[in-house]
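A quick write-up on the structure given underneath.
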Amino acid sequence: MLACMLVSWLVGCGTIDTVVRGDSITRQNLNHVKSPCATIPRIYSGVIYDMCLLGGKPSRAALWLGPGPELMLVDLALSGVLDTAVLPYTIFGQINQGSIELR
């Protein structure tokens, strides 16, 4: 059961969506929810992605994390930890590719 919960959080994790899955998935997901964000910097992109999802209409938090704001806090914390772990990679990407354009 714990493994299933971990996998579901990782699938919805902002860092996985922005760093592993690529710019097109990030763009598609945020445009789908009509996020107000126009760009996402690659550095700490997972946390910023989660915040952009929350600003979208309808809020995806209810769809991919289920009920309760405490699960969003878990996802934000997990994204923060993973963003820190991949920081050298994302700094390199920010320098060479710039921010992720969403429009």
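Observations on the model:
- Spans of helices (runs of 4 or more DSSP H) in segment 26-103 with at least 1 residues at pLDDT 85 or above, open to solvent by less than 60 Å² (accessible area, probe 1.4 Å) and within 13 Å of Cys13 (Cβ to Cβ): 45-55, 69-85
- Pairs with Cβ under 9 Å, 6+ apart, first in segment 30-53 and closer than 15 Å to Leu82 by Cα and among the basic types (Lys, Arg), second modelled with pLDDT of 90 or more and not in a helix (DSSP H, G or I): Arg42/Gly98; Arg42/Ser99; Arg42/Ile100
The values are calculated or read from the model by the stated rules, or taken from the named source; none is laboratory data. Not measured: the values here are computed from a predicted model. Note that we place each Cβ from the backbone using ideal geometry, even for glycine, and neighbour counts take in every protein chain shown. Please note that ligands, DNA and RNA were not included when accessible areas were found on the heavy atoms of the full protein model with its side chains. Shrake-Rupley method; radii C 1.70, N 1.55, O 1.52, S 1.80 Å.
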